[in-house]
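Presented below is the structure to which this report refers.
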Amino acid sequence: MATPETPAAEIPVVILCGGFGTRIREASERVPKPMIDIGGKPVLWHIMKTYSEHGHRRFILCLGYMSGAVKEYFLRYRENMSDFTISLASGEATYHGLGDAEDWEITCVETGLETGTGGRVSRIRDYIDTDEFMLTYGDGVSNVNVSELLATHRAQGLTGTVTGVHPTSRFGEILVDGDRVEKFQEKPELAGGWVSGGFFVFNREFFNRIDDDVDSLEKEPLAKLSADGELAVYKHTGFWMGMDTFREYTELNRLWAEDIAPWKVWG
């Protein structure tokens, strides 16, 4: 098992990619939500690039709805990024350089079509070989400093850490007392203060908080963790936006097209 000083390159980043994306159907009828494009690249790629900029290279994708589209994208990633020569007679291909292919290790896990978010996390536990792991959703971009997030988690010494952001609409509200989460409430009617930005760090023991496949990560496991005083908060005051509606999809593509995308922290 790894130590708390495990370098970022070895810490797995778990990304939830299995939802239906029903609220953004205009853009997600032919592809799953994490594969919706921002500037010609899936939003999932943008999220991974953010982590990659901070040294992370190991990704675990929790798949469900239209999982084949995610698998196909990464299985063919090299050939789509490279020049190559192919012999149609033999089917053999020779690649000329790797293009701008990233040094990523990606594990695709089928976590079920109807599985809750907590259940999806539970199903990837055997792929976690370190004492800590990162976790986020496959539909939100941010310039969150995930290195500082990890450092905050280690400094607090609690089971989990959630990134708190200022609300732009109704999301899971977190009531904060100092550096700890006092209460976690999913999508209240009136949100104020901080909301969950969906960028987490957990210790392995978090798996013991997940009861079954129907668990919603936001309801049961995180509610229990905060009630026990085991959920810290990392306060992020920079850019954050979920791609939950067609309006947000349009805005994110506008920011990218005008070269003013705040979440583009890589060179």
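Read the figures in this text as sums done on the coordinates, not as results from a lab. Predicted model only: the values in this text are computed from it and were never measured. A quick note on method: Cβ atoms are made from the backbone with ideal geometry, for glycine too, and the neighbour counts reach across all protein chains shown.
Here are a few things to note about the model shown:
- Cut-off of 10 Å, at most 12 other beta carbons, DSSP loop: longest stretch of the chain lacking such trypsin sites (Lys or Arg not before Pro): 77-267
- Modelled spin-label separation between Arg180 and Phe20, with each label point placed 7 Å from Cα along the Cα-to-Cβ direction: 3.9 nm.
- For Leu149, Leu113, order by how many other beta-carbon atoms lie within 10 Å, fewest first: Leu113, Leu149
- Projected over every direction and averaged, the convex hull enclosing the alpha-carbon atoms of the chain yields 15.2 nm².
- Other residues with beta-carbon under 13 Å from the beta-carbon of Trp263 carry, at +1 per Lys or Arg and -1 per Asp or Glu, a net charge of -2.
- Hydrodynamic radius by Kirkwood, which averages 1/r over all alpha carbon pairs of the range 218-257, in angstrom: 13.0
- Once the Cα atoms are used to define both axes, helix 146-156 deviates from the longest principal axis of the chain by about 30 degrees.
- Given 13 as the ceiling on other Cβ atoms within 10 Å, longest exposed-site-free region of the chain for GluC sites (Glu not before Pro) in DSSP loops: 115-188
- Cβ-based exposure ranking for Phe184, Phe20, in which fewest neighbours within 10 Å come first: Phe20, Phe184
- Beta bridges per DSSP with both ends in the chain, % antiparallel, nearest 5: 55
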